[in-house]
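Student: One structure, pasted below without further comment.
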Amino acid sequence: MACVATVYLVIGARLVQYGLAVPAPTGAIGSIASAASRPDIVDRNGSLLATDINMVSLYAEPRRIIDPDEVVERLVAVIPDLDWADTHRKLRSKSAFRWLKRQLTPRQQADILAQGIPGIGFRPEKRRFYPGGATASHILGHVDVDNRGLAGMERYIDRQGLADLRAAGMTNDVPLEPVRLSIDLRVQSIVHDVIEKAMVAYRAEAAGAVVLDVASGEVLAMASVPDYDPNEPARTSPDGSVDKEYEKGWFNRMSNATFEMGSTFKSFTLAMGLDAGKIRLDSVVDASRPISIGGFRIKDFHGRNRPLTVTEVFRYSSNIATVKIADMVGIDAHQEFLTRLGLLSRMETELPEVATPTQPRVWKKINSATISYGHGMATTPLQTAVAAAALLNGGKLVRPTFLAQRPDRVTAQANQVLRPETSADMRYLFNFNGINGSGRNAQVPGFHVGGKTGTADKVVNGKYATDLNFNAFLGGFPMHNPRYIVLSIIDAPRGDEAGRRLAAHTAAPMVKEIVSRAAPLLGVQPFFGTDEPWLLVDY
């Protein structure tokens, strides 16, 4: 018994000695939240959008550092951008653990190891890598230095339980199932390229576009510029301060910004009148004289000064006729219709960055009048595209999604918000305007692009600017069997080469280029001729 007690006393004494004399590095590191693995993110075809790469980070055990000055000099020789004063302060703190530099390169690790500095160590970590850079930055989002999602789908993934698994230590070096998005990387690259060029060519403040599947609600592509590189979400200026101009690229204008969408909203006003049975395609609305409401005078931009059929109202974009159609339906029914299409409430989707539309607190006659042609309320461009899909797909409102979906999801989550007959009439109007009206500049031979332009005065500091526009083109294709909505926006364009800055000359050509390049990749077969079964003979 004496021998056994002696052995235990010796072991206990040695444990106490080790605990007091040498701090346990593993215990100190273990107290720091570990950078956990994240699942890969891939597009609908399996192309890699985001993944983890193995890195190492440099740490110190200050209690074991003998000469902090010498250690700092050696480290700065390998890592020139290391903060000398901050590192010296950490090494003199006599604490158990301090980070010195996160995510070193393999060369830096090898050079530091070669110096054999006591009290300096490395810890394996994960770093998120986005092969496409800024191509899909506003959809993917980014992570912090500890691999925690801060924005976009990265943040959505954390909210689905990854953060809880990380806290429980269940995601370290564990292979996770990839997250498959609805995005088609090929189409996303085209959209990003088109809007980048458009912002430069039209000397605009910003630009954006989205491609949406009208049946499933899947977002095939969405981009907004200015943007940023998620591999480098925070960037410093040459003087070491935070680059505020670069940070402006974090703002996603397609889902997290609201705009007065201009004459694109006439699509919804005409659909409302048709669905309520107040008008038909051959109905005639008097647009011969301006309207005065509450001291405001409403007129047409390029007025025909005569009665117009509903088809002509859409083609010539008549404010006067659109206001009269809204008046036929009534204020309450107007508000209810836009609510039914999801244009007045916050959109539900996986992306965290979604803005809430703005509308008047109390709808009066003047509010209903101006909203009918796209002024007086603001919504997000993505929301506008989602509502427009219901105009073309048979009247079904489908929740937008950034995740690849199964075919059976469409039937389960679609809500019938319009009569199928109304949707058929809207397809006719979109197609007619794409051939004969303002949509001609978006037309692509063989792909039957239809749509509606929208040129709104830009709101600056609560007032309408007379020399700045917010332009949009709301398009669909192929109109003989609509499959996709394409919406482009261009904010404050200074004009094309001829100085024209209306939507027909800025936003519409953007859609034309997107469709011409993306349609073949999406498997849309070009269609020439009519629906009649005529035999085409090659002479």
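Student: Which angle from 0 to 90°, rounded to the nearest 10, does the C-alpha axis of helix 2-21 make with the longest principal axis of the chain?
Tutor: 60 degrees
Student: Would you grab the residues whose amide H sits under 5 Å from the one on residue 401? Only those 5+ places off in sequence or on another chain, please, with H modelled 1.01 Å from N.
Tutor: HN-HN under 5 Å from residue 401: 218, 219.
Student: Further, regarding this structure: Among DSSP beta bridges whose residues both lie in the chain, state the antiparallel percentage, nearest 5.
Tutor: Around 95 percent of the beta bridges assigned by DSSP in the chain are antiparallel ones.
Student: Looking at the range 282-362 from every direction and averaging, what is the projected area of its Cα convex hull in nm²?
Tutor: If I average the Cα hull's projected area over directions, I get 7.3 nm².
Student: Once phi is turned into ³J(HN,Hα) by the Karplus curve 6.51 cos²θ - 1.76 cosθ + 1.60 with θ = phi - 60°, what whole-Hz value does each residue of the range 469-474 show in order, with x for glycine and proline?
Tutor: The phi angles translate into 10, 10, 10, 8, 10, 9 Hz.
Student: Right, here's the next one. Can you tell me the relative contact order of the range 187-518? Whole percent, Cα pairs under 8 Å, sequence separation 6 or more.
Tutor: So the answer I get is 23 percent.
Student: Using the alpha-carbon atoms, what tilt in degrees (0 to 90, nearest 10) does helix 507-518 show relative to the longest principal axis of the chain?
Tutor: That works out to roughly 70 degrees.
Student: Sort 75-83, 324-332 by packing, meaning the average of other beta carbons within 10 Å per residue, with the highest value first.
Tutor: Sorting 75-83, 324-332 by mean packing, highest first, produces 324-332, 75-83.
Student: Once both labels are modelled 7 Å past Cα along the beta-carbon direction, what's the residue 145-residue 291 spacing in nm?
Tutor: A separation of 5.9 nm, rounded to one decimal place.
Student: Something else now. Which ³J(HN,Hα) values in Hz, rounded to whole numbers, follow from the phi angles of the range 311-321 under the Karplus curve 6.51 cos²θ - 1.76 cosθ + 1.60, where θ = phi - 60° and Gly and Pro get x?
Tutor: 4, 6, 4, 6, 5, 8, 6, 7, 5, 4, 5
Student: If you don't mind, another one. Assigning unit charges at the beta carbon (Lys, Arg +1; Asp, Glu -1) and nothing else, what dipole magnitude in debye, to the nearest 20, does the range 187-518 show about its Cα centre?
Tutor: On the way: 37 positive and 33 negative charges, 249 e Å.
Around 1200 debye, computed over the range 187-518.
Student: How large is the dipole of the range 360-446 about the Cα centre if only Lys and Arg carry +1 and Asp and Glu carry -1, each at its Cβ, rounded to the nearest 20 debye?
Tutor: Result for the range 360-446 is approximately 260 debye, rounded to the nearest 20.
Student: Applying 1/(1 + (r/R0)^6) with R0 = 45 Å to the Cβ-Cβ distance of residue 428 and residue 103, what FRET efficiency is obtained, to the nearest 0.05?
Tutor: 0.20
Student: Report the extension gain between residue 459 and residue 129 in nm, rounded to one decimal, defined as 0.36 nm multiplied by the number of residues separating them, less their alpha carbon distance.
Tutor: Extra length available between residue 459 and residue 129 comes to 115.0 nm.
Student: Dividing the alpha-carbon Rg of the range 185-273 by 2.2 N^0.38 Å yields what?
Tutor: Relative to the rule-of-thumb radius for its length, the range 185-273 sits at 1.35.
Student: Can you tell me the 0 to 90 degree angle between the C-alpha axis of helix 68-78 and the longest principal axis of the chain, rounded to 10?
Tutor: Helix 68-78 sits roughly 50 degrees off the main axis of the chain.
Student: Could you give each residue of the range 99-105 its phi-based ³J(HN,Hα) in whole Hz, using Karplus coefficients 6.51, -1.76, 1.60 with θ = phi - 60°, and x for Gly or Pro?
Tutor: Ordered by residue, 3J(HN,Hα) equals 6, 10, 7, 8, 6, 7, 7 Hz.
Student: Placing +1 at every Lys and Arg Cβ and -1 at every Asp and Glu Cβ, with all other atoms neutral, what dipole size does the range 36-180 have around its Cα centre, in debye to the nearest 20?
Tutor: 260 debye
Student: Continuing with this model, one more query. Which ordering of 314, 527, 301, 432 is given by a fewest-first count of other beta-carbon atoms within 10 Å?
Tutor: Fewest-to-most Cβ neighbours within 10 Å comes out as 301, 527, 432, 314.
Student: Separate question: What value in Å³ per residue do you get for the convex hull of the alpha-carbon atoms in the range 242-285?
Tutor: On the way: hull volume 4.0 nm³, N = 44.
So the per-residue Cα hull volume is 91 Å³.
Student: With 10 angstrom as the radius, rank 466, 349, 358 by how many other C-beta atoms surround their C-beta, starting from the fewest.
Tutor: The most exposed by this proxy come first: 466, 358, 349.
Student: For each of 430, 402, 251, 477, count neighbouring Cβ atoms within 10 Å of the residue's Cβ, then give the residues from fewest to most.
Tutor: 251, 402, 430, 477
Student: Given points 7 Å out from each Cα along the Cα-Cβ axis, report the residue 366 to residue 160 separation in nanometres with one decimal.
Tutor: Each label point is offset 7 Å from its Cα along the Cβ direction, giving 4.8 nm.
Student: Averaging the inverse of every distinct alpha carbon separation and then flipping it gives the Kirkwood radius. What is it for the range 84-154, in angstrom units?
Tutor: One over the average 1/r among Cα pairs gives 15.0 Å for the range 84-154.
Student: Further question on the same structure: Within the range 179-195, name every residue whose backbone N is under 15 Å away from a label modeled 7 Å from Cα of residue 521 along the Cβ vector.
Tutor: Residues 182-195 qualify, since their backbone N sits under 15 Å from the label point.
Student: Oh, and also: What number comes out for the charge environment of residue 57, summing +1 per Lys or Arg and -1 per Asp or Glu over other residues with Cβ under 9 Å away?
Tutor: The answer is +2.
Student: Let me ask another. Once you list every other residue whose beta carbon is under 12 Å from the beta carbon of residue 380, what net charge do they have if Lys and Arg are +1 and Asp and Glu are -1?
Tutor: Values: positive: 253, 346; negative: 260, 353.
Residues near residue 380 contribute 0 overall.
Student: Also, I was wondering about something else. Amide H neighbours of residue 50 under 5 Å, counting only residues 5+ apart in sequence or on other chains, H built in-plane at 1.01 Å?
Tutor: Amide H neighbours of residue 50: 41.
Student: Near the amide H of residue 293, under 5 Å away, which other amide H atoms are found, from residues 5 or more places off or on another chain, if H is placed in the peptide plane?
Tutor: Amide H to amide H, under 5 Å and 5 or more residues apart or across chains, residue 293 pairs with 298.
Student: When you count, for each residue, the other Cβ atoms within 10 Å and take the mean per peptide, how do 282-295, 214-227, 117-130 rank with the highest first?
Tutor: Packing proxy ranking, top to bottom: 214-227, 117-130, 282-295.
Student: How far apart, in nm, are two points set 7 Å out from the Cα along the Cα-to-Cβ line at residue 235 and at residue 83?
Tutor: Label at residue 235, label at residue 83, 2.2 nm between them.
Student: Within a Cβ distance under 13 Å of residue 422, other residues only, what is the Lys/Arg minus Asp/Glu net charge? If you can, show how the numbers build up before the last one.
Tutor: Numbers: positive: 278, 280, 340, 396, 419, 427; negative: 275, 421, 425.
Neighbour charge sum, excluding residue 422 itself: +3.
Student: Kindly provide log₁₀ I(q)/I(0) values, in the same order as q = 0.15 Å⁻¹, from the Debye equation applied to equal alpha-carbon scatterers of the range 36-180.
Tutor: -0.83
Student: Take the Cα pairs of the range 446-486, get the Kirkwood Rh, then feed it into Stokes-Einstein at 20 °C and 1.002 mPa s and tell me D in µm²/s.
Tutor: 181 µm²/s
Student: In vacuum, with every alpha carbon of the chain counted as one equal point scatterer, what does the Debye formula give for log10 I(q)/I(0) at q = 0.05, 0.09, 0.10, 0.13 Å⁻¹? Two decimals, please.
Tutor: Debye intensities relative to I(0), on a log10 scale: -0.29, -0.73, -0.84, -1.22.
Rule-based calculations on the coordinates, nothing more; no lab input. Please read these numbers as outputs of a predicted model, since none were measured by experiment. Quick reminder, even Gly has a Cβ in these numbers, built from the backbone with ideal geometry, and neighbours come from all protein chains shown.
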